[in-house]
Structures are given as C-alpha cells and as structure tokens.
Amino acid sequence: MVQKGQIGVTTDNIFPIIKKFLYSDHEIFLREIVSNAVDATQKLKTLSDVGEFKGELGDLSVRISIDKKSKTLKISDRGIGMTADEVDKYINQIALSSANDFLDKYKDSANAIIGHFGLGFYSSFMVAKKVDIITKSYKEEATAVKWSCDGTPEFTMEEVEKQERGTDIILYLDDENKDFLEKDKIESLLNKYCKFLPVPVVFGKKQEWKDGNYVDTGEDNIINDVNPLWKQKPAVLKDEDYLKFYRGLYPLSIMDEPMFWIHLNVDYPFNLTGILYFPKIKSNIDLQRNKIQLYSNQVYVTDSVEGIVPEFLTLLHGVIDSPDIPLNVSRSYLQSDNNVKKISNHIMKKVADKLEELFKNERSQFEEKWDSLKLFIEYGMLTEEKFYDRAVKFSLLKNTEGKYFTAEEYKTLVESAQTDKNGDIIYLYTANKEEQFAHIDAARDKGYDVLMMDGQLDVHWMGLLEQKMGKTRFVRVDSDTVEHIIEKEEAEKVDISDKQKETLSETIKSQLPIIEKTEFAVDFKALGESSKPIQITQNEFSRRMKEMAVMQQQMAFYGEMPDTYQIVLNVQHPIIKELINKSEGKEKEELIEQASSDTRLKQMLDLALLSNGMLKGEALSNFVKRSFEMIQ
C-alpha cells in the first residue's frame, strides 16, 4: 500500500530556498549524504560491539554510483537502515525541521557560516528534482520501505523488496546540475570532502592501462583513508610517515617540504587531534594562508580557519580535527565560544613549546631555519600577546655578517658602543645590504654593528620591540650621517646665516635630477674635514611610516606621500667651505647660474646619489661621460 502525506513543514517555500541556498557551494550535498551513510554504518558497528546486533556485519563500505541514462546519483550503505516509523520520524519531521530552522536562521548570512553543516539530508534537493530513499532496518522482521519526494511538501511511502539492510539514497539530478553525473567531478568532490572518513567509501573500480585504454579491474576504488595519520599514535610514526602524509595533502608542494611538525592529541577538556606542519614561509603572508584543513570527526569542513585558530597560525599547513568546534555558527560567535578559545590557546601553546624546544636543544638548526620561520614568528608576536611573551626568548636578530642573536644577547653585544647621549641603545639596521653598503661600511668603521631587516613585517616588528624593550631605538643605517646616527654629545653648531642656508639649499636642489615622487631638503652639519663633503640620508620616521602604510590601510595617506631625502652638506669640508664663502652676498639666481657650470659640485652630488642607488637614466649617463672627461 502506498502511503501519501505532507511533510511537517510550516512553509511551502522550503524547497525553493534549499535550491538556492549556498548556491555557490551546493556541492556540499555530497558530503552531507555520504556523512549520513557513514554515521549509519558506525551506529551499526556500535550496536554490534555492545551485543545489540548479533548478525554478520559483512562489507560496511559506503558506495557511490552514477547512472547517466537515468540521470541518477546513488549513495548506498549497509548501516542500521530505517523502519517506516523511523523514516516518518527522522525524514518527515526531524530532518526537515532541522533544515527549516537552519535555513530560517542563516539564509541571509550564508557566507558567515562555517562549513554549512546541518542541512543534512535535505541538501540533496539543492541538486535533485526528486529523491528516493530505499531503506531496510537492521532489526529482525523489518520490512523495507521506499520514500519518495519530488521537491514539494508532499511525499509517498510504500513497502518494497530489499534483500540487505541499509539505505540507498537515489538523487534524480535536475538539468542545472547534470555535471554531478560526471565521474571526474564526483571523484574530485569525494577526494575533497570524504578523503579521511572512518568507513570505506567506494566509487567504481580501480583502473589499469590495457591495449591503449584505461579499463576497470575487479578491485573496488576506495577513495578514503579510514585511519589517517593524525588519528594514529605519534610513538609508532616515523618522519617519512609525516612527510608522505604532507605530500598527500599538498601534492603541488612536493618541492617545499615542511621543516618540522606538531602532532596534536587531546581528549580532555576538549577533543582535538591533528598535525600542524611548519612550511618554509616565503616573503608574502597572503600567499601562505588557508592551508590548514578543518575536520569534524574526519569529515572535511573547511580550509578557512580564521576565528578558530589565532590569525598567525593560519600560515601553518596541516589538519585539525575536533567535534568540539561549533560549525553552524558565524565567525564572530566562534571567537567568543569557550571551547574554541581553549582549543586556540592550546594550539598556540603547543606551537610555542615546539619552537622553544628546537631553540634550546638544537640552536644551530634553529638558526638555519630562522629565515623561513621569521615571518611566522614575527606575525605571532605582533598579533598575540601571549605568544610574544614566549617568543621573545627564542626570536632572533641577524646581523649583516650572518650571525644570530636573541634580543638579550644583542643588547649585551652593542650596549657599550651604541648607547647615545640620552641613554637609548641604538640598533642600526639595513633593509638592503648592497644598496646601503656605503652606510654599512661607514658604521662598521665606527665600531658599530648593523642588523639585517629585510622582511615583510620587520618594520612593524621593530616598532613592537621598541615599545616592549624601552630605551631602545631601531635606526636604519642611511637615516643620518654616521657621525650623527648615534649622537654621543651635542652636535656642533653650524655658523651660517639663514639667508645663506636658503640660497645654498635652492642652489643645490637646482642641480639635482628630477626623480618621480621624490623630494629633497638640504641640511648643514659639521662632520669634520676628513668626512665626505655631501651625503644623502632619509629620515627614519617618515620612511618607516611609508613602509608601514603598505600593510595598514588606515595609514594609506603616508603611502601617497613622496619620498623625502636630506642632502647633507659637510660645512667643515674644504670644498663645501669654498662654496659657502662664494655664496656670501650673492643672489640665488647668480649662484644657481654659477653652479650649473661647476663640474666638481655636479660630480659630488652625483656620487652621493650613486652611493644611494638613486642615479639612473640620463643623469647616470651624464655622470659617466663627465667622469671620463675629468680623467682625460
């Protein structure tokens, strides 16, 4: 007898909403249906373990098959199955009610939902115009039933013949979703969502190359690894096991193997397993994100884990599996969830433990890996106070000679030579060893040490260290002349009138080449007769603000400002003294005219520009010609 009825739903438009809901992500129906099949299978295993099911378990694989002729996709299991009453309860009432509640709550904020779990069985109507369920309970004397619904609130249910226990879900795909009848499409989705499910998932047969074609063998094509590495005991695993698993997760990263890893295994006060790998992080943070895959009981959820782990940990690779992370919630809710906070703090602690252990026990290896770890550790220190407190003990400073120091070690090294008149320790650094070589060389001649700070986050990290360490300033080696970069005493006053300064400034600027988005100011300093006559420096504050603006939108106005450089004239150098004396009593126009034919002045300015990597194009060509003429 065919039973007809209406699904217990309060609105007629539930199915149209399901059809459109998460349209860009409607492939998740396959995960939901396969996950349900796995769940039914595991329930049967549990009943068998406790003695409530005494029959033969037999083959417990979940099987997926395509029939292009009838345009159907079938998902079959040999789990607990359902009786007619259970179909009525779980499909007509509970499942639909859950889907209805879920849609009512989230239909306007689909993009905020983590993983879209909870739509369950009714997600099949996102792709199907009709769905059949043919099911037989594991209970003795159970009768098989067939439930059918064509995407309206009406359904039919009747008794049918079915030999084996379990459930077949048959989806009659609509024309818009016929791509789900393609073998490659289904196989890729199974690999994405079902790769590590705890029950074998079979899709077709394995194939072999024969007579110029791939042909099916008699062996089942099992998609998944039912016992993934993160579920195994670390004690029995070797390095090669972890590397092999990594290659399986990231087949395109075969040339960039991880440096080391952490195996997570917690069962109290929350459940958390997983493996996190430390990749060799390149120079761009944004290219590294979203490599951690989140699972819930081995079911893939997402690879976007912001809000679940601290932001800097999204640079790691690997797998996190926890049933205690709420999935049907917005990301803002996640950040206030107690379990998520505990899980997040635990992962951060384990990461810090691993780094500190490597630093303490294998310092030389840690130093070798520092350039690949630096971006990750700096990001953590900048964004997480708790991580900063741990990492300040093992984060390293590298100097231009390739030697590494902790902050405390480096302070001891430079404190005596690089403390200024105000008691501040000046940490000199360069962002480019080649371009700033002349400044580095001059600093070394003074007995100063120079750090390498050429990373994406270095400018922000230096600001943080200045704030935390106190009485410390980071100063780029080209931000002032070497005589003034660490001021030990009050600078000697320059005895030139304001009128002369203005005239000389305009004269000097008139002889400089035009460089796009670059401005020059002229400064006068007493640097001694033997120091260079002209040097070019760039103010630390304004340059640092521009560099920070690259990554901070709220500082964008600094990024739009031109680069400003100081042309420093050494008033004690004989040539500059001569220039100053000539300027006395002369008008600006007359001095500029004289300067335009002053080969020596042009040569000095060009040499200063050249040593800063700023002499290019026509100006460089003119300099080369002039240099040859002067030699002749």
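A few notes on this one:
- Computed lengthening from Ser364 to Glu593, 0.36 nm per intervening residue step minus Cα-Cα distance: 76.3 nm
- Two numbers describe the Cα atoms of the stretch 430-576: Rg and Dmax, which are 16.6, 47 Å.
- Helix-only mean residue ellipticity at 222 nm for the chain, each DSSP H run of n ≥ 4 adding -39500 (n - 2.57), per residue, nearest 500: -11000 deg cm²/dmol
- Going through (i) 117, 58, 51; (ii) 149, 51, 38; (iii) 79, 56, 53, the figure that equals Cα extents along the principal axes in Å as computed for the structure here is (i).
- Relative contact order for the chain, counting Cα pairs under 8 Å that sit 6 or more residues apart, in percent: 8
- Gain upon complete extension [Glu154, Ile496; 0.36 nm per residue less C-alpha separation]: 113.5 nm
- Heavy-atom accessible surface of the stretch 340-424, averaged per residue, reaches 47 Å², computed with a 1.4 Å probe.
- Apportionment of accessible area to carbon and sulfur, the chain, percent (1.4 Å): 48
- Per residue, the stretch 122-183 exposes 46 Å² of solvent-accessible protein surface, assessed with a 1.4 angstrom probe and all protein chains in place.
- You can think of it this way: the chain between Asp256 and Lys43 has 72.6 nm of extra reach, that is 0.36 nm per residue less the Cα-Cα gap.
- Exceedance of the 30 Å cut-off in Cα-Cα distance is limited, within the set Lys185/Lys291; Lys411/Lys501; Lys71/Lys205; Lys45/Lys342, to Lys411/Lys501; Lys45/Lys342.
- The trypsin sites (Lys or Arg not before Pro) of the stretch 214-277 that DSSP puts in a loop, and whose beta carbon has at most 14 other beta carbons within 10 Å, are Lys238.
- Filtered GluC sites (Glu not before Pro), the stretch 405-475: DSSP coil and at most 16 other beta carbons within 10 Å: Glu415, Glu434, Glu435
- Computed from the Cβ-Cβ distance with R0 of 45 Å, the FRET efficiency linking Lys586 to Val392 stands at 0.20.
- Simple spin-label estimate for Asp371 and Phe628 in nanometres, 7 Å along Cα-Cβ: 3.8
The values are calculated or read from the model by the stated rules, or taken from the named source; none is laboratory data. All values derive from a computational prediction rather than experimental measurement. Note that we place each Cβ from the backbone using ideal geometry, even for glycine, and neighbour counts take in every protein chain shown. Heavy atoms of the whole protein, side chains included, go into the accessibility calculation; ligands, DNA and RNA do not. Shrake-Rupley method; radii C 1.70, N 1.55, O 1.52, S 1.80 Å.
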